[in-house]
Every structure is written in C-alpha cells, then in structure tokens.
Amino acid sequence: MGSSRVRRARNVPLWTAIAATIVATTLAVVHARVVPLPGMASLEGLSIDARFRMRGARAPGTDRIVIVALDDDTRVEAPEVFQTRRGYARLFDALTAYDPKVVAVDLLFGSREEILPAELAERVRAANATPPADPALAALIAAIAEELRGDEVLAEALGRSKRVVLGAYFVQGAAVANAKEPAGFAVAGL
C-alpha cells in the first residue's frame, strides 16, 4: 500500500498536464468571457501559421476562385488603394476588367470619406460652384473639389461593375422610421 502512494505522488507528468490544462482553460475562459488578454491574437496567428507550415503547400483545387491580397508590398507600391475611396474604385475597375462573375470584398465603408474637415470641404465646393476669374486658381479649386468626390467615384465604380459584393455585419435593432437611403446607393444603382 505504501508503494502505490509513492507512485501516485511521483507521477509528475500527469500532474503537470492537469495543471497546464487548468491554467489554459482558465485563461481561455477569461479571454472569451471577461476581458481580452494581450497577446492571444498573436498567439493564435502563430498557431495558424505553424499549422499551415506543417501541412505544407497545396495545389489549388480549382482556378475558378482567385484571392487578391492587398499586402505590405501593395501598401508601398499603391498607397492610394488603402487611403482613399478613389483608390478602391480604381481597384474595383481593374478587377472588373478581368470579367469575373463576382468580386467579393471583405471591407466595410462605415462612414463618409473625409479628406478635409467638413467646413473646409463645403467652402471648397462653394468656391468650385462659382469659380474665380483666375484660371489657375479655378483649376486648383476644381481639382480639390474633384478629390472630395471619393465616395461618389467609388459608388460609380460599383455601379459600373455590378459584380462587387461588399461584406458587412449588421446588428439587428429597431427599424429607423423614414430613414433616407444613402446617396451612394442611387449612384451605384443598388
């Protein structure tokens, strides 16, 4: 009898595994239910990377689906794609030129593009409506006013394409009475 107690007490790997499981489970519950723990997203990313490396490269199952990734090289070579709606419009026009059946986009344009403060943007639009006599100044104001049309340019590109599907997540709530449809929907023909 005495030797079985000694064996149980010496089973260090079992107790280590039990303790590690309890700690990992506690951290997972705290992260999921209480407060996000720093570093968990990085740890998950490393885990995913490791699993893909262990699996190895695979040949595509089909050539019917193409994923266009916007990476750090794209950010350096074409920063306007990330910075302006006009850049996204050019990207969608370029993708549409390849005649795909659909272009699914994992982006959400949740608010209007603001290149300038609203008051200054209105002043530019007003100045463009009644251009000054100086042709150089009028051209400058017109160019700035055109840059402020990023949302409209994007909506026009979506309308031309008729193939771009924007992914979005909406929280269900009470319906808003008499809400106006965003202007971009009409421009895009949606």
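Here is how the numbers come out for the structure above:
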quantity	calculated
Some residue of segment 26-37 being under 25 Å from Val164 (Cα atoms) and part of a helix (DSSP H, G or I)	no
Val35 under 30 Å from Ala155 (Cβ atoms) and either in the same structural domain as Gly159 (by TED's automatic domain parsing) or at pLDDT 85 or above (or both)	no
Any hit, segment 170-178, residues being under 20 Å from the mean Cα position of the chain (by Cα) and either within 30 Å of Leu70 (Cβ to Cβ) or among the small types (Gly, Ala, Ser) (or both)	yes
Segment 132-143 residues that are in the same structural domain as Leu116 (by TED's automatic domain parsing), paired with ones that are of a type outside the set (Asp, Glu) and modelled with pLDDT under 90 (beta carbon under 9 Å, 6 or more apart)	Leu137/Pro131; Ala138/Pro131; Ala138/Pro132; Ala139/Pro131; Ile141/Pro131; Ile141/Pro132; Ala142/Pro131
Search result, residues across segment 104-162 that are hydroxyl-bearing (Ser, Thr, Tyr), at pLDDT below 90 and surrounded by 14 or more Cβ atoms within 10 Å (Cβ to Cβ)	none
Sole exception among (1) under 20 Å from the mean Cα position of the chain (by Cα); (2) farther than 19 Å from Gly167 by Cβ for Ala97, by number	(1)
Residue list for segment 74-94, filter: over 22 Å from Ser161 (Cβ atoms) and not aliphatic (A, V, I, L, M)	Arg75, Glu77, Pro79
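Residues are listed down the side, and each one gets a yes or a no for (1) assigned to a helix (DSSP H, G or I); (2) free of Cβ contacts under 8 Å to residues at least 24 places away in the same chain; (3) loosely packed, with under 10 Cβ neighbours inside 10 Å:
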{"site": "Met54", "(1), (2), (3)": "yes, yes, yes"}
{"site": "Asp63", "(1), (2), (3)": "no, yes, yes"}
{"site": "Ile67", "(1), (2), (3)": "no, yes, yes"}
{"site": "Tyr98", "(1), (2), (3)": "no, yes, yes"}
{"site": "Lys101", "(1), (2), (3)": "no, no, yes"}
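The values are calculated or read from the model by the stated rules, or taken from the named source; none is laboratory data. These figures come from a predicted structure and were not determined experimentally. Note that we place each Cβ from the backbone using ideal geometry, even for glycine, and neighbour counts take in every protein chain shown.
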